[in-house]
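Here, each number is a calculation from the coordinates, and none is a lab measurement. As the structure is a prediction and not an experimental result, all values here were calculated from the model. Don't worry about glycine lacking a Cβ; one is built from the backbone with ideal geometry, like all the others, and counts go over all protein chains shown.
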């Protein structure tokens with residue numbers, strides 16, 4: 001069940017730091033303000049990194065969750 | 001003695017409520033943050049963090065500039081260029097230290113190429129981006145690589161020996177200017 005409507009999705013599974021963030025930034029560039037992006041990652045460092053990236057760039061992190069060793073983030077383009 | 005309420009401590013300006021309950025973003029900086037890295041070494045274990053940090057910075061909306069100097073220039077030599085320089089000493093340097101982003105040595109445990117080979121194997125096993133992939137990401141994200149003119153002269157490197165997309169060569173005063181203006185500067 002998805003509570004937030006997702007506009008774009010990015011599968012970053014298997015990628016190591018810093019590529020999930022790099023790919024997220026590149027994807028965000030193609031998006032319009034207000035659109036949401038879901039990122040799936042398997043990099044354990046991404047929990048802290050997506051929160052930090054959100055604070056640095058000002059793009060709100062709407063959701064951050066994990067299931068086993070898979071991490072899910074929902075970001076909104078500011 | 002009775003305690004008197006202190007109405008003067010109450011906030012006089014109420015902050016505006018968060019729009020539609022969304023988490024508040026960090027205060028938007030009026031000025032773009034800047035980071036500068038002085039990339040001095042041409043070794044794998046230093047080029048790697050340089051490229052990881054600069055790509056992550058650019059991905060985080062931080063304007064990133066890398067001042068490329070001394071041994072640090074060699075990984076930025078074009079793929080097809082093997083022997084660089086004019087005199088025999090400059091040529092000999094490029095023979096002993098093969099230039100190019102795919103030919104990096106380790107600062108320790110190089111063991112005549114055994115160390116970098118093991119690093120490459122581990123890198124693939126853990127799906128870590130190679131220096132080449134990171135360099136491409138950096139360039140796509142707009143990281144500015146500024147070659148040091150004096151080091152280029154000493155190694156006999158010409159502008160056309162270096163990869164496309166690098167900034168115009170500059171000197172120490174440029175490095176000082178960008179470092180003192182930046183929010184963070186590193187020497188790697």
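Taking A:12, A:51, A:32 as the candidate residues, the one with maximal mean-square fluctuation in a Gaussian network model of chain A, Cα springs under 10 Å, is A:32. Packing around the peptides B:116-124, B:64-72, taken as the average count of other Cβ atoms within 10 Å per residue, puts them in this order, highest first: B:64-72, B:116-124.
Quantify how strongly other chains surround peptide A:14-25 by giving the mean number of their Cβ atoms within 10 Å of each of its Cβ atoms.
Partner-chain Cβ atoms within 10 Å, mean over residues of A:14-25: 6.
Overall, the anisotropy analysis places the range B:33-187 in the oblate class: the square-rooted eigenvalues a ≥ b ≥ c of its C-alpha gyration tensor yield a/c not less than 1.5, with a/b not exceeding b/c. For the residues A:15, A:61, A:37, a GNM of chain A with alpha-carbon springs under 10 Å puts the largest fluctuation on A:15.
Give the relative contact order (percent, whole number) for chain A; include only Cα pairs under 8 Å separated by 6+ residues. Numbers along the way, then the final one.
On the way: 134 pairs, mean separation 26.2, N = 78.
For chain A, the relative contact order is 34 percent.
Express as a percent, rounded to the nearest 5, the fraction of DSSP beta bridges in chain A (both residues included) that run antiparallel.
Percent antiparallel among DSSP bridges in chain A is about 70.
Averaged over peptide B:58-64, how many Cβ atoms belonging to another chain are found within 10 Å of each residue's Cβ?
On the way: counts 4, 14, 12, 8, 2, 0, 0.
Whole-number average of other-chain Cβ neighbours for B:58-64 is 6.
Shape class for the protein assembly as shown, computed from the alpha carbon gyration tensor (a ≥ b ≥ c): prolate, with a/c not under 1.5 and a/b above b/c. Note on the protein assembly as shown: antiparallel DSSP beta bridges, both residues inside, total approximately 40 percent of the bridges counted. With the Cα gyration tensor of the range B:57-124 giving a ≥ b ≥ c as the square roots of its eigenvalues, does the rule (a/c under 1.5 for rounded; else a/b larger than b/c for prolate; else oblate) give rounded, prolate or oblate? Here the range B:57-124 falls in the oblate category. Sorting the segments A:38-48, A:62-72, B:49-59 by their residues' average number of neighbouring beta-carbon atoms within 10 angstrom, most packed first, yields B:49-59, A:38-48, A:62-72.
How much length would be gained if the chain were fully extended between residue B:186 and residue B:33, taking 0.36 nm per residue of separation minus their Cα-Cα distance, in nm to one decimal?
Details: separation 153, 0.36 × 153 = 55.08 nm, distance 1.46 nm.
Result for the pair: 53.6 nm of gain on full extension.
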